[in-house]
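Contents: one structure, followed by commentary.
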Amino acid sequence: MNPIQMVDLKSQYQKIKPEVDKGIQEVLDTCAFINGPAVKRFQENLEKYLNVKHVIPCANGTDALQVAMMALDLKPGDEVITTTFTFVATAEVIALLGLTPVLVDVDPHFFNIDINAIEKAITPKTKAIVPVHLFGQSADMEGIMHLANKHNLFVIEDACQAIGADFIYPDGRKQKVGTIGDVGCVSFFPSKNLGCYGDGGALFTNDDTLAEKLRMIVNHGMKVRYYHDEIGVNSRLDSIQAVVLDAKLKHLDTYNKNRENAAAYYSSAFSKSDKLTVPALAKNSTHVFHQYTLQLHEHINRDELIKHLTDKGIPAMIYYPVPLHQQKAYLDPRYKEGDFPVSEKLAKTVMSLPMHSELDNKQLEYITSAVLEKVEG
Ligand SMILES: *Cc1c(COP(=O)(O)O)cnc(C)c1O
């Protein structure tokens, strides 16, 4: 059996090595490191894949979120509603720009932002909602867009964990996450579903005017070289990363399918146990399983279970051990323990198992047996 890793990038690379190596060599030979033809090629291929008018590549997912908020002219004091159960980047950029993060709880089944909680949190100062499509499944985008239209708010989708996932409307129509709100943001961090071999990110929008502004902001606020119409940042995707991403984009649906199959294996094996809750599948979304996250029932000692697995060569992680409102840097007198009971409970009970495109049945059988042996034993 191959050694088990949370994410196995090496086995994945072996399968696409000729194409990736050739593309990287071409960049080296032409020295078109920044804004080379490879970046444009990837941008256009991703636009086609997502069925979105504009993809604006940038340096990472955190920058994408920041640039989106800059382009929408959000000003200090403006309130931005997001979830407390997410990776820190979402709230980090809100705080960095002097905006006010307004945190809300998540749905206990899907871990995504709770629509009713958003509505309750809206005030006259609210300017935007940032749903996070956590672990690879879409938030309720129909409900969120409805609220946003009603209250005249921007929607910035944090799709960093869900590239390729579809939101499914009641009539069956599908739309890729990240292309539904005003702007979508993704990360190409190596371990993401579409990951490069360094840092990378992108913004998506169907709005021509906004696309032009996003393109300016990622490039020092300039359209014409050395004429700066906006305050911008330096946030570029480099050509070597674009080559890697373009090679992998062709396989993204297969990678996501492999993840889905691994998740189905896990969930089927764990259905025997009443001590674990497997990830719930939403009717209005496909799931690309950036993470496979179990909820452990109360009497299971999570630390002991993780140690049991680690001793057997199986990594397991906690995404996320502390909700944002309880993070030292984000403590705020507006929030206290107990304000977001679902997120607080999840932080204490979730555990994520290895999840990537290369898991085979031998590994899955080994992992599921090891988990069941401990929790049922
Ligand atoms: C990974 C991630 C980010 C940040 O992306 P980087 O490319 O690492 O900056 C933001 N939000 C979420 C939900 C993420 O998972």
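The values are calculated or read from the model by the stated rules, or taken from the named source; none is laboratory data. This structure is a prediction, so every number in the text was calculated from the model and none was measured. Please note: Cβ atoms are built from the backbone with ideal geometry, for glycine as well, and neighbour counts cover all protein chains shown. SASA here: full protein model, heavy atoms, side chains in, ligands and nucleic acids out. Shrake-Rupley method; radii C 1.70, N 1.55, O 1.52, S 1.80 Å.
If you take every DSSP beta bridge fully contained in region 59-166, what fraction is antiparallel? Give it as a percent rounded to 5. In region 59-166, DSSP labels about 10 percent of beta bridges as antiparallel.
Counting only DSSP H runs of at least 4 residues, each contributing -39500 (n - 2.57), and dividing by the residue count of the chain, the helix-based mean residue ellipticity at 222 nm comes to -12500 deg cm²/dmol. Normalised radius of gyration for region 120-166, please: alpha carbon Rg relative to 2.2 N^0.38 Å, two decimal places. Cα Rg divided by the expected 2.2 N^0.38 Å: 1.19.
Over all other residues within a Cβ to Cβ distance under 13 Å of Asp114, the charged ones net out to -4, with Lys and Arg as +1 and Asp and Glu as -1.
Summed over the residues of region 273-377 and divided among them, the accessible surface reaches 49 Å² per residue at a probe radius of 1.4 Å.
Amide H contacts under 5 Å for Gln161: His133, restricted to partners 5 or more places along the chain or on a different chain, H placed in the peptide plane at 1.01 Å from N. Normalised Debye scattering of the chain at q = 0.07, 0.11 Å⁻¹ gives log10 I(q)/I(0) of -0.31, -0.78, counting only Cα atoms as equal scatterers and leaving out solvent. Residue separation of Lys22 and Ser369 scaled by 0.36 nm, minus their Cα-Cα distance, works out to 120.8 nm of gained length.
Loop-resident GluC sites (Glu not before Pro) (DSSP state other than H, G, I, E or B) in region 298-377 with no more than 10 further Cβ atoms inside 10 Å of their Cβ: Glu298, Glu337. Classify region 308-377: rounded, prolate or oblate, from the alpha-carbon gyration tensor (a ≥ b ≥ c, eigenvalue square roots; a/c under 1.5 rounded; otherwise prolate if a/b is larger than b/c)? Judged from the Cα gyration tensor, region 308-377 comes out prolate (a/c at least 1.5, a/b above b/c). Say the dipole of the chain comes from +1 at the beta carbon of Lys and Arg and -1 at that of Asp and Glu; which of Phe87, Pro18, Phe154 then lies farthest toward its positive end? The Cα lying farthest towards the positive end belongs to Pro18. Once the chain from Lys345 to Glu119 is taken as fully extended at 0.36 nm per residue, the excess over their C-alpha distance is 79.1 nm.
Close amide H pairs (under 5 Å, H built 1.01 Å from N) link Gly36 with Ser239, residues at least 5 positions away or on another chain. Set against the 2.2 N^0.38 Å expectation for a compact globular protein, region 133-248 has a Cα radius of gyration ratio of 1.18. Under a Gaussian network description of the chain, with springs only between Cα atoms under 10 Å, the residue in Asn112, Asn51, Asn206 that fluctuates furthest is Asn51. Using a probe radius of 1.4 angstrom, the carbon and sulfur fraction of the accessible surface of the chain is 53%.
Magnitude of the charge dipole for the chain, about its Cα centre and with charges confined to Cβ atoms of Lys, Arg (+1) and Asp, Glu (-1), is about 380 debye.
The string of couplings for region 50-67 from the Karplus curve (6.51, -1.76, 1.60, θ = phi - 60°) is 8, 6, 10, 5, 9, 10, 10, x, 8, 7, 5, x, 5, 4, 4, 5, 5, 5 Hz, one whole number per residue in order, with x for Gly and Pro. Note that region 198-276 shows a convex hull volume over its alpha carbon atoms of 176 Å³ per residue. Across the chain, the relative contact order, built from alpha-carbon pairs under 8 Å that are at least six residues apart, equals 22 percent. Under 17 Å from the 7 Å Cα→Cβ point of His220, by amide nitrogen: which residues of region 53-82? Residues 59 qualify, since their backbone N sits under 17 Å from the label point. Within region 58-177, the proportion of C-alpha pairs whose separation exceeds 25 Å stands at 16%.
The slack in the chain from Val233 to Lys40, taken as 0.36 nm per residue of separation less the alpha-carbon distance, amounts to 67.5 nm. Computed over the alpha-carbon atoms, region 250-296 gives an Rg to Rh ratio of 1.01, Rh here being the Kirkwood radius from the mean inverse distance. Once the C-beta distance of Ala280 and Met6 is scaled by a Förster radius of 22 Å, the resulting FRET efficiency is 0.50 to the nearest 0.05. Would you mind counting up the charge near Val322? Only other residues with Cβ under 11 Å from its Cβ, with Lys and Arg at +1 and Asp and Glu at -1. With Lys, Arg at +1 and Asp, Glu at -1, the net is +1. The mean accessible area for residues of region 137-239, using a 1.4 Å probe and ignoring ligands and nucleic acids, is 42 Å² per residue. Within the listed set Ser285, Ser11, Ser235, the Gaussian network model of the chain (springs between alpha-carbon atoms below 10 Å) gives the highest mean-square fluctuation for Ser11.
Solvent-accessible surface of region 1-105, taken per residue with a 1.4 Å probe and all protein chains present: 45 Å².
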